[in-house]
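Novice: The structure under discussion is supplied below as structure tokens; questions concerning it will follow.
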Amino acid sequence: MPTPRRQSPAVYRRRRIAVGILLVAVLALLGFGAWGVVALARASGHASAARTAEDAGPLASATASPSALTAAPTATPTATASPTPTDPPTSAPPTLTCDPAKIALAASTDKQVYAPTENPVLTLKVTNQNAIPCPVNVGTTQMEYLIVSGADRVYDSKDCQDGAEDLVKTLAPGASETANLPWPRVRSLEGCKPIAVKPLPGTYVLTTFLGPLQSPKAVFTLQ
């Protein structure tokens, strides 16, 4: 059997270098593989965690939503003050007006019986019986004194009236205004026609007028 030929030192050195390089490569591969496994494990863990959080997202949102709604400030109804009961508004009092029916007119004479030489004084009196002041025309255009005896028209102040005029006065409630007219015991005719006949002794009736107002009768006697 032939003896194997001994290799030169250079060949052994090259072989050792090649084996070293191969060993380093293997170790490098092994190290990279371990690091890759760890990296893959970590990546897998992160992915799982991300997936877990992702999967839990809707549930977490659904779970947190009621809490959020509960914790969120809610609008509290503002208490409004109830209107304080007040007395009902007082209605304005009705406007009062003067009632013509409450303007009273009266007739009178200064005496009941007159001697043959005495002349009666005829009096017209108007009184405001309203609860408020009332304007009343007490001028001579409104006044009239009428004397009759039975059916005989003896005297009317309008027959010979001259220069009549209006005179409006405001009468307070209960106030009166009077007007006196001396009667010289004569007759009169419309248009102030002259008449020589004198009134005879007897009973006479006086009625006074103030515009549309008429007084009750006042009776007196001439001797």
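Novice: Please give every one of the lysines within straight-line cross-link reach of LYS193, meaning a C-alpha to C-alpha distance under 23 Å, and leave out same-chain neighbours fewer than 8 residues apart.
Specialist: Excluding near neighbours in sequence, the set is LYS158.
Novice: Give, in nm to one decimal, the length gained when the segment between THR170 and THR117 is fully stretched (0.36 nm per residue of separation minus the Cα-Cα distance). Intermediate results must be reported in sequence, preceding the final value.
Specialist: Details: separation 53, 0.36 × 53 = 19.08 nm, distance 3.84 nm.
In short, 15.2 nm is gained.
Novice: If you count only protein heavy atoms with a 1.4 Å probe, what accessible area per residue comes out for the stretch 90-223, rounded to a whole Å²?
Specialist: Working: 7740 Å² over 134 residues.
Spelled out: the 1.4 Å probe surface of the stretch 90-223, per residue, equals 58 Å².
Novice: Right, next: With all protein chains present, how much of the accessible area of the stretch 181-223 (probe radius 1.4 Å) comes from carbon and sulfur, to the nearest whole percent?
Specialist: Values: 1640 of 2540 Å².
C and S fraction of accessible area: 65 percent.
Novice: Just to verify a number: FRET efficiency for ALA106 and VAL197, C-beta to C-beta distance, R0 = 30 Å, to 0.05? Intermediate results must be reported in sequence, preceding the final value.
Specialist: On the way: r = 30 Å, r/R0 = 0.99.
E(calc), rounded to 0.05, equals 0.50.
Novice: Return the sequence-ordered ³J(HN,Hα) values of the stretch 155-172 in whole Hz as given by the Karplus equation 6.51 cos²θ - 1.76 cosθ + 1.60 applied to θ = phi - 60°, using x for Gly and Pro.
Specialist: 8, 9, 4, 6, 4, 10, 5, 9, x, 5, 8, 8, 8, 8, 10, 8, 9, 5
Novice: Determine the sum of side-chain charges near VAL121: Lys and Arg each +1, Asp and Glu each -1, restricted to other residues whose C-beta is under 11 angstrom from that of VAL121. It would help to have the intermediate numbers written out before the result.
Specialist: Values: positive: LYS111; negative: ASP110, GLU118.
Charge balance near VAL121 sits at -1.
Novice: Between GLN129 and ALA151, how high is the FRET efficiency from 1/(1 + (r/R0)^6) when r is the Cβ-Cβ distance and R₀ = 41 Å? Nearest 0.05. Mind showing how you got there, number by number?
Specialist: Values: r = 33 Å, r/R0 = 0.80.
FRET efficiency, GLN129 to ALA151: 0.80.
The values are calculated or read from the model by the stated rules, or taken from the named source; none is laboratory data. Computed from a prediction, not measured in an experiment: that's the story for all the values here. All Cβ positions, glycine included, derive from the backbone under ideal geometry; neighbour counts span all protein chains shown. Surface accessibility is based on the protein's heavy atoms, side chains included, excluding ligands, DNA and RNA. Shrake-Rupley method; radii C 1.70, N 1.55, O 1.52, S 1.80 Å.
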